[in-house]
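Let me give you the structure first, and then I'll get to my questions.
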Amino acid sequence: MSTITSDKLRRLRRIIQQIADLNDRMSRGPRQVAAGKNAVAKTEEQVASLKNAWKTMRMQSDDQQVQLKQREAKLVELERKLNECKTNTEFKLLKDQIAAERQANAVLEDEILDKMERLDQLTLDIQQTEQLRDRARREYEKTAQRVEQQSDGLQSERDRVTEELHAVERGLPSDFRREYQRLVRSHGPDALAQVEGETCGTCHTTLSSQTMNELYLSRLVYCKSCGCVLFLAEDRVRSSSATE
Ligand SMILES: [Zn+2]
């Protein structure tokens, strides 16, 4: 049976965890940049759609104003006819027509006013959304810059820690190396489980006293339940060697 110290396994676990954390940070950066880019695109779309709505509303309002002018001219014409009319019947007809025209014009005027108010509101909405878009752009640029700056540092830190890992791995018993690599590939840092009390730190199964004894003797021990490599916490190694 191979022997391996808990110190070495603990160090391995720490390094593997460090690499996993660095990988996590390195992949988080580009995700944050992508999210920032999306936020910018979304607010840009909102601004464009509000501007379109404003344009459409403005065109409708312009059309209605032209209509109103034409109708007002028609009204002036009707009033002129009213002054010139000869018969009572004609007078009555024109009077009714003028009243109806005035009514219709009043409705049109209300609609135009309503559109003016909505145009004002849309203008405010556009300004606010443009501010949100500008803020999103600034955030995005800041994030992209930060991620870019951190990227090199993280990369060289990972290179350094990976080198450290390889150095420790080279010192592993040769018959253990293949199994160790298989475990780390599938479980990451949890492939190496620190014993908590008398249970496996990965699957929390209680360990037998024979397993505990083997650990105190620096034997290479796998958890019988989850298959991970077990090691002792720092303070327990010292207390165990003190009793030897
Ligand atoms: Zn286990």
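The values are calculated or read from the model by the stated rules, or taken from the named source; none is laboratory data. Computed from a predicted model, the values in this text were never measured in an experiment. Note that each Cβ is placed from the backbone with ideal geometry, even for glycine, and that neighbours are counted across all protein chains shown.
GLU163 fails exactly one of the following numbered conditions: (1) within 11 Å of the ligand (Cβ to nearest atom); (2) at pLDDT 95 or above; (3) of a type outside the set (A, V, I, L, M, F, W, C). What is the number of that condition?
The one condition GLU163 does not meet is (1).
Right, another one. Taking the options ARG219, ARG182, ARG236, name whichever one is modelled with pLDDT under 95, over 24 Å from GLN18 (Cα atoms) and not assigned by TED's automatic domain parsing to the domain that holds GLN17.
ARG219
Output the residues belonging to region 81-99 that are in a helix (DSSP H, G or I) and surrounded by 11 or more Cβ atoms within 10 Å (Cβ to Cβ).
Across region 81-99, the qualifying residues are LYS81, LEU82, GLU90, PHE91, LYS92, LEU93, LEU94, LYS95, GLN97, ILE98.
So, THR206, is that one among the hydroxyl-bearing types (Ser, Thr, Tyr), within 11 Å of the ligand (Cβ to nearest atom) and surrounded by fewer than 20 Cβ atoms within 10 Å (Cβ to Cβ) or not?
Judged against the criteria, THR206 is a match.
All but one of (1) more than 16 Å from the ligand (Cβ to nearest atom); (2) in contact (Cβ under 8 Å) with a residue 24 or more places away in the chain hold for ARG177, so report the exception by its number.
It fails just one condition, (2).
Now a separate question. If you go through region 212-229 one residue at a time, do you hit one that is surrounded by fewer than 18 Cβ atoms within 10 Å (Cβ to Cβ), under 30 Å from GLN32 (Cα atoms) and either within 16 Å of the ligand (Cβ to nearest atom) or more than 37 Å from the chain's Cα centre (by Cα) (or both)?
Looking through region 212-229, none of the residues is surrounded by fewer than 18 Cβ atoms within 10 Å (Cβ to Cβ), under 30 Å from GLN32 (Cα atoms) and either within 16 Å of the ligand (Cβ to nearest atom) or more than 37 Å from the chain's Cα centre (by Cα) (or both).
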